[in-house]
Amino acid sequence: MDFIITNRTLCLDNFEKRIEYFAKTKEHSIILREKDLSYEEYEILAKKLINLCAPNQSKLILHTHIKVAQKLNIKKIHLPYPIFLKEKDSLNNFEEIGVSVHSLEEAQIASKQGATYLIAGHIFPTNCKKDLPPRGLSFLTDICQAVSLPVYAIGGITEENYQDIKKAGATGACYMSSYMIMPIPI
């Protein structure tokens, strides 16, 4: 199963209807990222998405906001590597702990410190990281070979290069921009 990472500011249509559409497919887990929201705003949006995902038994993962996840009894969290390091001792009640990594060292440390999956990137050129060169498939291969956790690739993943990330050892992919702007029937 792949991940959809939300970014409502990219949507050209109704964000909540878009998430509801993806929740109905059950083909992806949804990571509620939304970096620009305050704690309170994030909590309100998380509650809405819980209500959209629950009827379809679609997996919703909260991003960064550990206290919101605990308050709403969401047992799945995804964290940037620095936050994971700082908070790793307070994550015992989570069933899934994802960590974004950008180096082999980060992947190895996160793997040993309690992460249950990793998101590694960015692999290919992407508009989200225009000023940073992609890390490439060799970076992804190195991480996949170094850890025993599922590793998901992020950054510029398309249908055309999906098999390349799988050959590199990735469990799957993460999609943000393309899934926030692709035409869907809503």
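Numbers at a glance
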{"item": "Residue order, fewest to most beta carbons within 10 Å, for Asp2, Asp131, Asp89", "result": "Asp131, Asp89, Asp2"}
{"item": "Cut-off under 5 Å, modelled amide H: who pairs with His122 long-range", "result": "Arg135"}
{"item": "Trypsin sites (Lys or Arg not before Pro) restricted to the range 89-186 and DSSP loop, no more than 12 other C-beta within 10 Å", "result": "Lys130"}
{"item": "Spin-label model distance (nm) - Glu105 vs Thr25, 7 Å beyond Cα toward Cβ", "result": "3.8 nm"}
{"item": "Proximal lysines to Lys59, defined as alpha-carbon separation beneath 17 angstrom and excluding residues fewer than eight positions away on the same chain", "result": "Lys17, Lys24, Lys26, Lys47, Lys48, Lys75, Lys76"}
{"item": "Which of Cys53, Cys128 has the fewest Cβ neighbours within 10 Å, and the rest in rising order", "result": "Cys128, Cys53"}
{"item": "Label-to-label distance, nm, for residues given as Ser148 and Gln113 (7 Å Cα→Cβ offset)", "result": "2.0 nm"}
{"item": "Estimated FRET transfer efficiency (Asp89, Thr171; beta-carbon r; R0 25 Å; 0.05)", "result": "0.40"}
{"item": "Amide H contacts under 5 Å for Ser100, placed H, 5+ residues apart", "result": "Leu79, Tyr81, Ile119"}
{"item": "Choice from Leu149, Leu52, Leu132 showing the highest fluctuation, given a GNM over the chain with Cα pairs closer than 10 Å", "result": "Leu132"}
{"item": "Peptides ranked, highest mean first, by Cβ atoms within 10 Å: ranges 151-163, 10-22", "result": "151-163, 10-22"}
{"item": "Distant-in-sequence amide H partners of Ile4 (H built 1.01 Å from N, under 5 Å)", "result": "Ser29, Ile30, Ile31, Tyr175"}
{"item": "Cα-based reach from Lys130 at 28 Å (exclusive), listing lysines while leaving out same-chain residues under 8 positions away", "result": "Lys35, Lys166, Lys167"}
{"item": "Solution diffusion estimate, µm²/s, Stokes-Einstein, the chain, Kirkwood Rh from C-alpha pairs, 25 °C, viscosity 0.890 mPa s", "result": "147 µm²/s"}
{"item": "The range 43-71 versus the range 128-143: alpha-carbon centroid distance in Å", "result": "29 Å"}
{"item": "Phi to ³J(HN,Hα) by Karplus 6.51 cos²θ - 1.76 cosθ + 1.60 over the range 68-80, Hz, x for Gly, Pro", "result": "5, 4, 5, 4, 8, 6, 8, 9, 10, 9, 10, 10, x"}
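Every number in this text was worked out from the coordinates using simple rules, so none of it is lab data. Predicted, not measured: the structure shown is a model, and the values here were computed from it. Counting neighbours? That spans all protein chains shown, and the Cβs are built from the backbone with ideal geometry, glycine included.
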